[in-house]
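Single-structure report; data block below.
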Amino acid sequence: MTLSPSARLLSCVVRHQEGQALGWENRYTLPWNRLDLQKIEAAMKHVSASLSQRRTKLVVHEPDRVSCFFEVSPADERRWDVLGDLEARFAEEHIAESDTGWIEVEFCHYPPDDKSEFKGCTEFKFRSGRSGNGIYSGCAMEITERF
């Protein structure tokens, strides 16, 4: 079960500072008027099973913000690496073959605001600067797109 066939990529943002890429995020909108924890948990389990992942965690930060965490390994990142120089990044961060990291995919609902005429939205996203997403960015993109 994926979340919705109508989930769509809202933006892919690359942040720069003095010509250096700092990171990026992929944001997908959902046609929901609130977060649905049962759907999110079912989709998280489906994504995890499709990737043969080890462990997952669902963390409810507040009623309108939830994070799904997926445990990944260096071997997983080798399958989906998008940045190149993977072995150099692992060496720089002292990541051994037996080490694992966590990918965070965040779900947020922003309620409508009559004052600003904001209609509200529900989205999920990953940001490369959060959790292990910077090192395991290929895994983060693959996991997010499978939702």
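Compactness of the range 36-135 was expressed as the Cα radius of gyration divided by 2.2 N^0.38 Å, which yields 1.29.
Scoring 30-38, 119-127 by mean Cβ neighbours within 10 Å over their residues and listing the highest first yields 119-127, 30-38. The listed peptides 65-72, 82-89, ordered by packing as a protection proxy, come out as 65-72, 82-89 (highest mean of other Cβ atoms within 10 Å first). Our Cα-only numbers for the range 30-93 put the radius of gyration and Dmax at 15.2, 44 Å. At full extension, VAL82 and HIS94 could sit 2.4 nm farther apart than now, given 0.36 nm per residue minus the alpha carbon distance. Sorting the segments 73-80, 101-108 by their mean number of nearby beta carbons within 10 angstrom, highest to lowest, gives 101-108, 73-80.
Just so you know, all these numbers are worked out from the coordinates, no wet-lab data involved. Computed from a predicted structure; not experimentally measured. Glycine gets a Cβ as well: all are built from the backbone with ideal geometry, and neighbour counts include every protein chain shown.
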